[in-house]
1. Kindly provide the set of residues from segment 151-174 that are touching a helix residue (DSSP H, G or I) at 6+ places or on another chain (Cβ under 7 Å) and assigned to a helix (DSSP H, G or I), ordered by number.
2. Against the condition of a type in the set (Asp, Glu), assigned to a helix (DSSP H, G or I), touching a residue at least 12 places away in the same chain (Cβ under 8 Å) and closer than 19 Å to Asn98 by Cα, how does Glu16 come out, does it pass?
3. Condition check: surrounded by fewer than 18 Cβ atoms within 10 Å (Cβ to Cβ) and farther than 30 Å from Leu111 by Cα. Does Glu16 satisfy that?
4. Restricting segment 279-296 to residues that are surrounded by fewer than 17 Cβ atoms within 10 Å (Cβ to Cβ) and in contact with a Ser or Thr (Cβ under 8 Å, 6 or more places away or on another chain), which is farthest from Phe314 (Cα to Cα)?
5. Inside segment 39-104, counting only helices (runs of 4 or more DSSP H) that do not spill past its ends, which hold 3 or more residues that are outside the structural domain of Leu14 (by TED's automatic domain parsing)?
6. May I ask you to verify whether Lys240 is more than 14 Å from Cys143 (Cα to Cα), modelled with pLDDT under 95, out of contact with any strand residue (DSSP E or B) (no Cβ under 9 Å at 6 or more places or on another chain) and surrounded by fewer than 16 Cβ atoms within 10 Å (Cβ to Cβ)?
7. Given (1) over 21 Å from Leu137 (Cβ atoms); (2) in contact (Cβ under 8 Å) with a residue 24 or more places away in the chain; (3) hydrophobic (A, V, I, L, M, F, W, C), where does Cys300 come up short, assuming only one miss?
Amino acid sequence: MATNKRTLLVREALAEGKRFLQSPCREAQIDTPELDATLLLCEALHLSREELILRGEEPLSDDKREKYFTLLEKRRSGECIAYILGRREFRGLGFAVNPNVLVPRPETETLLEAALAFVDSLAAQGEGPKAAPAHNLSVLDLCTGSGALAISLKNERPFLHVSASDISAEALEVAAHNAARLLEDRKCFPGGSSANYSKSVRFIQSDFFENISEKFNIIISNPPYVPTGELSALAPELQKEPRLALDGGEDGLYFIKKIIPQAKEHLLPNGVLLLEAGPGQIPAIKTLLENNGFGEVKVCKDLAGKERVVSGTFTAFGVRY
């Protein structure tokens, strides 16, 4: 990036960065050049966005200027903001991310919300001889990646016993780091005995259910579901995310077709399976669930109004316990 060597004010550097990111580029799809330029300048100066505005008339030192322009070049090369910054916010928590994990996205909050609704429903039913009290409720997050879902569940419902698995050792390292950082000071749920609550998330390296023997009240998963033929059409930034976390086979359902029949063996009576998928895949997944003994099949839409999450209760072909 060719730059004028005169001293720039902070606001001038921001304007120059915005223009640079707005200029035509084949390597990146930059839909928010002003926001991206702002975040990168905040990173270079170690300032919040509010502080950046207040210091707009201050000169930018040579070393900070060089760092800022280096970050801008990275963005123009097709590297996403989350990887450049090394973090992405999800559900109010700052998750560390790197190219070993998929970047958490807003639509995945739909899966989290649906899971929380089932958790609260099961917790409210914690009466009677066959019902599990709230502190015994267990959740498995299959294909956890950065751990965003599992850690957010534990953060918002501390009484849960949360396990999370992934085939990638590198992804689990990121997830475990996030759990240690975000949950290490977690206090037990008010009113509960410390003996009843684990304070963090248990991580398991597993190819789906291969290394998992126990059963759970709820299983959630955001598995790879992009059809192989559509990967090349993804935005350049997405193509730099791990293919292992994106490629769902010819129809995008390869892994979902494996998860559904196996999940039955790992759900407690009336256990719930929740899956994130592409909007066009939801009808096929509903049929798969119904054909495998899941009832009460429900679909949730994301904030864009697209069908994003499908769930089913395992009822052993219509028999509720």
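1. Once the filter is applied, which keeps residues that are touching a helix residue (DSSP H, G or I) at 6+ places or on another chain (Cβ under 7 Å) and assigned to a helix (DSSP H, G or I), segment 151-174 yields Ile151, Ser152, Leu153, Lys154, Asn155, Glu156.
2. It is false that Glu16 is of a type in the set (Asp, Glu), assigned to a helix (DSSP H, G or I), touching a residue at least 12 places away in the same chain (Cβ under 8 Å) and closer than 19 Å to Asn98 by Cα.
3. no
4. The residue in question is Glu296.
5. In segment 39-104, the matching helices (runs of 4 or more DSSP H) lie at 81-85.
6. no
7. (1)
So that you can scan it fast, the table gives a plain yes or no per residue for (1) within 19 Å of Ala150 (Cα to Cα); (2) under 21 Å from the mean Cα position of the chain (by Cα); (3) part of a helix (DSSP H, G or I):
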{"position": "Ser213", "(1), (2), (3)": "yes, no, no"}
{"position": "Asn270", "(1), (2), (3)": "no, no, no"}
{"position": "Ile282", "(1), (2), (3)": "no, yes, yes"}
{"position": "Arg308", "(1), (2), (3)": "yes, yes, no"}
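The values are calculated or read from the model by the stated rules, or taken from the named source; none is laboratory data. Treat the numbers as computed from the prediction; the structure is a model and nothing was measured. No Cβ is skipped: glycine too gets one built from the backbone with ideal geometry, and neighbour counts run over all protein chains shown.
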